[in-house]
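The values are calculated or read from the model by the stated rules, or taken from the named source; none is laboratory data. Keep in mind that this is a model prediction, so the values were computed, not measured. Methodologically, a virtual Cβ is constructed for each residue, glycine included, from the backbone with ideal geometry; neighbour enumeration extends over all protein chains shown.
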2 protein chains.
Amino acid sequence: MSKGLPKRSENYSEWYNELVKRADLAENSAVRGCMVIKPYGYSIWEKMQRALDDMFKETGHTNAYFPLFVPKSLFEAEEKNAEGFAKECAVVTHYRLKSDPNNPGKLMVDPEAKLEEELVVRPTSEAIIWSTYKNWIQSHRDLPILINQWANVVRWEMRTRMFLRTAEFLWQEGHTAHATENEAMDETKQMLDVYATFVEEWMSVPVIKGFKSANERFAGADETLCIEAMMQDGKALQAGTSHFLGQNFAKAFDVKFQNKEGKLEHVWGTSWGVSTRLMGALIMAHSDDNGLVLPPKLAPIHVVIVPIYKGDEDLEAIKAVIMPIIKELKSYGITVKFDDNDAYRPGWKFAEYELKGVPVRMAIGMRDLQSGQVEVARRDTLTKETRPLEGIVTYIKDLLDEIQKAIYQKAFNFRQENMFKVDSWAAFEEQIEKGGFLLCHWDGTSETEEKIKELTKATIRCIPLDAVEETGTCVYSGKPSNKRVVFARAY
Amino acid sequence: MSKGLPKRSENYSEWYNELVKRADLAENSAVRGCMVIKPYGYSIWEKMQRALDDMFKETGHTNAYFPLFVPKSLFEAEEKNAEGFAKECAVVTHYRLKSDPNNPGKLMVDPEAKLEEELVVRPTSEAIIWSTYKNWIQSHRDLPILINQWANVVRWEMRTRMFLRTAEFLWQEGHTAHATENEAMDETKQMLDVYATFVEEWMSVPVIKGFKSANERFAGADETLCIEAMMQDGKALQAGTSHFLGQNFAKAFDVKFQNKEGKLEHVWGTSWGVSTRLMGALIMAHSDDNGLVLPPKLAPIHVVIVPIYKGDEDLEAIKAVIMPIIKELKSYGITVKFDDNDAYRPGWKFAEYELKGVPVRMAIGMRDLQSGQVEVARRDTLTKETRPLEGIVTYIKDLLDEIQKAIYQKAFNFRQENMFKVDSWAAFEEQIEKGGFLLCHWDGTSETEEKIKELTKATIRCIPLDAVEETGTCVYSGKPSNKRVVFARAY
Ligand SMILES: [Zn+2]
Ligand SMILES: [Zn+2]
């Protein structure tokens with residue numbers, strides 16, 4: 001009864017693409033590299049947004065909105081940032097279309113409506129936001145500024161994949177301004193912790209927190225902190241980043257404040273973001289050859305109930321017992337779908353809800369009714385058991401909590417089994433082909449990192465915050481090193 | 001203690017602009033015609049979004065997301081729609097910047113990165129969405145499709161004003177597809193009712209529901225329904241529109257379905273939207289020369305409490321009494337700010353919270369404490385009274401409900417006083433200069449409508465749904481007419 005998904009073991013990449021489409025999460029659009037996020041996929045994203053937004057507000061942030069467009073002259077002000085994004089900028093050059101005199105019924109760009117200054121569609125908003133903060137900040141009393149924005153951004157990527165890398169994507173970007181370096185660094189770390197908590201507790205995906213190497217840093221940041229997750233093919237996925245911007249944007253946009261002693265200083269900044277890429281992480285971390293596996297906290301439907309019946313009389317008997325149970329489940333915030341659509345057979349429905357990743361399925365027929373029982377199936381383990389109807393609500397409530405944890409534990413165990421201390425170059429080359437995270441000594445140079453990438457496509461995913469100090473030698477160059485970093489191939 | 005706002009009676013337009021800025025709602029940005037929505041303004045918009053989103057979901061809609069860009073060839077497919085928006089389209093023509101060889105440190109558009117087909121930044125999403133629906137709809141079983149999108153859109157307006165008319169704005173756009181004409185028309189009307197309910201019950205702004213005349217219809221629609229509100233200067237503001245698209249987009253994008261009889265038919269469509277323009281309506285409908293007046297349901301802060309004290313001991317005594325009250329208020333979902341910031345004097349704070357439109361202010365000093373009382377000030381009426389602390393929570397709860405209604409009633413009375421039946425052209429010309437809604441007979445022709453607009457800048461705001469049938473003659477042409485329509489100058 002599987003919907004004929006490709007198998008992960010045979011073609012992981014094709015399995016992912018097909019799953020995204022068949023589970024109604026997203027599809028490619030008529031615009032190169034841009035996707036349509038379908039209702040079922042979007043409802044998962046909405047749950048992510050709500051949870052993250054609550055966490056941002058609990059940590060003192062408020063939302064605001066800044067323009068989609070960045071005038072070129074502002075965009076280029078912070079040189080490293082500009083250089084980092086210049087190659088993937090969509091640029092608005094005209095503000096009008098007109099009838100094409102050579103093609104009746106068609107339009108053409110009106111050459112007379114050329115903008116004096118081109119507008120970059122924001123690939124990220126530091127430039128437009130810091131040019132605004134300049135007017136908001138005079139004194140230490142104006143600080144900190146703790147703002148988040150939910151928005152769309154555009155990065156013209158050449159090779160795109162739904163959710164993982166798309167020309168347009170949805171995200172949130174926090175942009176904060178502080179009076180001191182320490183405060184900005186604390187904010188950078190705090191928001192990394194918020195992301196880690198969200199990804200682990202809501203998405204059930206374990207992450208490693210760490211610093212990016214200079215090569216992988218955000219263009220314009222002094223430090224980039226990140227969380228890295230392992231997908232089921234052993235590749236890494238960067239699930240969120242939090243940047244310590246130092247005074248770079250404050251200097252580029254001349255944002256100064258009068259400190260308590262009356263002296264002018266440049267402001268310290270941070271920025272941090274997660275995007276619809278998290279949808280890709282969620283899908284690839286847990287799902288199986290039957291379809292999606294969703295942690296209950298992010299599942300649009302928690303429980304589906306499929307009645308198994310012959311005629312209206314049977315259905316009414318089932319409903320009489322089930323409806324009060326549904327009502328009680330709903331009172332606990334549990335989303336229930338009762339599917340008595342008779343255009344489809346139960347087996348078809350079972351496969352469909354497996355594909356959609358509904359965490360718990362209940363099936364009840366006339367014999368169950370007589371014996372006061374119900375069949376309960378778990379999506380994550382694909383196991384079934386028969387349970388008494390008596391006490392079923394408490395059982396389901398606990399089961400959803402258990403599933404949330406079990407999915408995390410499974411992903412955690414998988415990651416532990418696929419992290420390897422690697423101490424020789426031969427072992428590195430062998431292991432990287434098999435996948436997983438390689439914990440290796442590294443000599444700290446960009447040259448070595450680049451060489452390793454060239455040879456194996458592996459990059460340094462992060463220098464873990466909790467890396468243990470130990471003496472060792474770089475896995476590639478043999479030079480001395482005092483801690484291990486995480487190498488992997490990545491999405 | 002007013003923050004020196006211009007007076008409405010002296011310069012309504014300047015009053016509005018200054019209020020938007022000083023109340024920290026929004027400001028102009030570095031991008032022509034685009035605004036920055038500041039945290040305080042955005043938090044009101046968030047409350048609007050949440051309420052509307054709940055109403056959309058209760059009426060069976062789900063959210064999704066479609067691309068920001070529309071390829072020119074799709075954009076031009078529905079000719080009337082394309083023609084209507086062509087003159088205000090921002091167009092992306094290139095996808096890369098490069099270093100400018102003549103300006104070190106500067107960037108330029110890379111001429112080699114010209115798109116084969118230009119991309120229009122969506123001014124509205126019918127084209128991209130109907131090109132997608134084509135693939136989603138084969139059978140009557142695929143209908144209806146009931147989707148909403150929260151998004152930014154761009155319309156290159158020449159004269160812009162914060163919230164009312166900006167090049168980029170935030171909105172929601174519903175796009176539905178139906179098997180029958182009746183069902184689509186019912187949806188069109190249902191969503192107009194949802195908007196009317198929201199604007200009246202949440203924003204406390206009374207509206208007139210009606211049809212647009214052909215001249216004012218959405219480009220590509222067969223009918224446009226709208227809600228029209230009256231601002232304090234007597235001008236009209238269109239607060240929301242719901243369009244019956246007929247089969248226009250289905251035909252342009254060849255979207256057909258097999259009906260129950262197995263025959264192919266074109267699909268029927270609707271679209272409907274409200275935008276950050278509602279913020280402008282909210283501000284202009286209620287606010288006064290002291291600042292914002294917000295209906296409690298949309299106020300980011302419901303109650304501000306200002307302690308009046310000399311030293312820490314006083315403050316502690318006040319807190320001991322007030323903190324349990326705050327806790328109880330919060331348990332009812334009431335948002336309370338306790339402002340004991342000693343950098344500002346109470347009088348300054350009073351003016352500040354008046355400017356920000358906080359519905360209720362409580363002030364409490366040592367004498368109040370001793371007599372078990374508190375001063376309660378209403379923002380809408382600017383009245384104060386002394387109330388016993390005993391039972392204050394219930395009192396405040398009821399007071400917020402009363403304010404919500406009182407604000408509506410005030411706006412309703414104002415509108416009633418400024419609606420006039422006008423039956424001669426001389427009276428029309430005289431009244432239109434004074435403002436208000438003019439209820440007039442109209443001969444039903446575009447020529448008359450255009451002539452009246454040319455002479456007076458007044459347009460037909462709507463043909464009310466509840467217009468009474470009566471015989472009369474057109475206020476301009478003298479030709480026969482069977483009902484009155486609403487003429488006004490409009491934002
Ligand atoms: Zn400077
Ligand atoms: Zn057709």
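Tell me the residue from A:E447, A:E469 that is surrounded by fewer than 17 Cβ atoms within 10 Å (Cβ to Cβ) and outside any loop (DSSP other than H, G, I, E, B), please.
So the residue among A:E447, A:E469 that is surrounded by fewer than 17 Cβ atoms within 10 Å (Cβ to Cβ) and outside any loop (DSSP other than H, G, I, E, B) is A:E447.
Consider B:L382 carefully, then state whether it is in contact (Cβ under 8 Å) with a residue 12 or more places away in the chain, touching a His at 6+ places or on another chain (Cβ under 9 Å) and not in a strand (DSSP E or B).
Spelling it out, it is not the case that B:L382 is in contact (Cβ under 8 Å) with a residue 12 or more places away in the chain, touching a His at 6+ places or on another chain (Cβ under 9 Å) and not in a strand (DSSP E or B).
Of A:F420, A:F428, A:F412, which residue is of a type in the set (A, V, I, L, M, F, W, C), in contact with a Leu (Cβ under 8 Å, 6 or more places away or on another chain) and not in a strand (DSSP E or B)?
Answer to the selection: A:F428.
Examine the stretch B:239-254 for a residue that is more than 30 Å from B:T132 (Cα to Cα) and either at pLDDT below 95 or surrounded by fewer than 20 Cβ atoms within 10 Å (Cβ to Cβ) (or both), and state whether such a residue exists.
Checked the stretch B:239-254: no residue is more than 30 Å from B:T132 (Cα to Cα) and either at pLDDT below 95 or surrounded by fewer than 20 Cβ atoms within 10 Å (Cβ to Cβ) (or both).
What residue, among those in the stretch A:241-274 that are on the phi > 0 side of the Ramachandran plot and of a type in the set (G, A, S), is farthest from ligand 1 (Cβ to nearest atom)?
For the stretch A:241-274, the residue satisfying everything is A:G262.
What's the total number of residues in the stretch A:196-226 that are of a type outside the set (S, T, N, Q) and under 26 Å from A:G291 (Cβ atoms)?
Residues in the stretch A:196-226 being of a type outside the set (S, T, N, Q) and under 26 Å from A:G291 (Cβ atoms): 9 in total.
Of these, A:F198, A:F163, which one is within 14 Å of the chain's Cα centre (by Cα) and in a helix (DSSP H, G or I)?
Among A:F198, A:F163, only A:F198 is within 14 Å of the chain's Cα centre (by Cα) and in a helix (DSSP H, G or I).
Scan B:E183, B:E173 and give me the residue that is surrounded by fewer than 24 Cβ atoms within 10 Å (Cβ to Cβ) and outside any helix (DSSP H, G or I).
The conditions single out B:E173.
Can you pull out every residue in the stretch B:46-74 that is of a type in the set (A, V, I, L, M, F, W, C) and more than 7 Å from chain A (Cβ to nearest Cβ)?
Passing the criteria: B:M48, B:A51, B:L52, B:M55, B:F56, B:V70.
Any residue at all in the stretch A:162-172 that's in contact (Cβ under 8 Å) with a residue 60 or more places away in the chain, among the acidic types (D, E) and closer than 24 Å to B:W156 by Cα?
Yes.
Only one of these conditions is not met by A:Y353: (1) buried (at least 21 other Cβ atoms within 10 Å of the Cβ); (2) in contact with a helix residue (DSSP H, G or I) (Cβ under 8 Å, 6 or more places away or on another chain); (3) not in a loop (DSSP other than H, G, I, E, B). Which number is it?
(2)
Restricting attention to the stretch A:209-218, which residues are more than 12 Å from A:T241 (Cα to Cα) and either at pLDDT below 95 or not in a loop (DSSP other than H, G, I, E, B) (or both)?
If the condition is that a residue be more than 12 Å from A:T241 (Cα to Cα) and either at pLDDT below 95 or not in a loop (DSSP other than H, G, I, E, B) (or both), then A:A214, A:N215 are the ones that fit.
Output the residues belonging to the stretch B:141-170 that are closer than 26 Å to B:K57 by Cβ and away from chain A (no Cβ under 12 Å).
If the condition is that a residue be closer than 26 Å to B:K57 by Cβ and away from chain A (no Cβ under 12 Å), then B:D142, B:L143, B:P144 are the ones that fit.
If you go through the stretch A:104-124 one residue at a time, do you hit one that is surrounded by 24 or more Cβ atoms within 10 Å (Cβ to Cβ) and of a type in the set (K, R)?
Among the residues of the stretch A:104-124, at least one is surrounded by 24 or more Cβ atoms within 10 Å (Cβ to Cβ) and of a type in the set (K, R), which makes the answer yes.
Looking at the stretch A:121-135, can you tell me whether even one residue there is among the charged types (D, E, K, R) and farther than 18 Å from B:P39 by Cα?
Looking for residues that are among the charged types (D, E, K, R) and farther than 18 Å from B:P39 by Cα, one finds at least one in the stretch A:121-135, hence yes.
Output the residues belonging to the stretch A:374-389 that are under 18 Å from A:Y309 (Cα atoms) and surrounded by 12 or more Cβ atoms within 10 Å (Cβ to Cβ).
Correct list: A:V374, A:E375, A:V376, A:L389.
Pairs needed: first member in the stretch A:68-91, modelled with pLDDT of 95 or more; second member anywhere, in a strand (DSSP E or B) and of a type in the set (D, E); C-beta distance under 8 Å; at least 6 residues apart or different chains.
If the second residue must be in a strand (DSSP E or B) and of a type in the set (D, E), the pairs left are A:L68/B:E168; A:F69/B:E168; A:P71/A:E117; A:P71/A:E118; A:K72/A:E117; A:K72/A:E118; A:S73/A:E117; A:V91/A:E118.
Here are the criteria: (1) farther than 25 Å from B:W130 by Cβ; (2) more than 7 Å from every other protein chain (Cβ to nearest Cβ); (3) touching a Phe, Trp or Tyr at 6+ places or on another chain (Cβ under 8 Å). Tell me which single one B:R32 does not satisfy.
With (1) farther than 25 Å from B:W130 by Cβ; (2) more than 7 Å from every other protein chain (Cβ to nearest Cβ); (3) touching a Phe, Trp or Tyr at 6+ places or on another chain (Cβ under 8 Å) applied to B:R32, the lone miss is (3).
With the condition being more than 16 Å from ligand 2 (Cβ to nearest atom), I'd like the strands (runs of 3 or more DSSP E) fully within the stretch B:242-314 carrying at least 1 qualifying residues.
B:268-275, B:303-307
Being touching a residue at least 40 places away in the same chain (Cβ under 8 Å) and surrounded by fewer than 20 Cβ atoms within 10 Å (Cβ to Cβ) is the filter here; which residues of the stretch B:356-368 pass it?
B:A363, B:G365, B:M366 - these are the residues of the stretch B:356-368 that are touching a residue at least 40 places away in the same chain (Cβ under 8 Å) and surrounded by fewer than 20 Cβ atoms within 10 Å (Cβ to Cβ).
Which of (1) modelled with pLDDT of 95 or more; (2) closer than 22 Å to A:E88 by Cβ is the odd one out, the single condition B:G105 does not satisfy?
Among (1) modelled with pLDDT of 95 or more; (2) closer than 22 Å to A:E88 by Cβ, the lone unmet condition for B:G105 is (1).
Only one residue in B:G4, B:G41 is under 30 Å from B:R345 (Cα atoms) and modelled with pLDDT of 95 or more, so which one is that?
Sole residue among the options that is under 30 Å from B:R345 (Cα atoms) and modelled with pLDDT of 95 or more: B:G41.
Hey, can you tell me all the residues within the stretch B:39-82 that are within 21 Å of A:V70 (Cβ to Cβ) and surrounded by fewer than 22 Cβ atoms within 10 Å (Cβ to Cβ)?
Across the stretch B:39-82, the qualifying residue is only B:P39.
Could you say which residue among A:I129, A:I137 is surrounded by 14 or more Cβ atoms within 10 Å (Cβ to Cβ), more than 10 Å from every other protein chain (Cβ to nearest Cβ) and modelled with pLDDT of 95 or more?
On inspection, the qualifying residue turns out to be A:I137.
Would you tally the residues in the stretch A:93-118 being within 7 Å of chain B (Cβ to nearest Cβ) and either within 28 Å of the chain's Cα centre (by Cα) or of a type in the set (S, T, Y) (or both)?
Total satisfying the criteria: 2.
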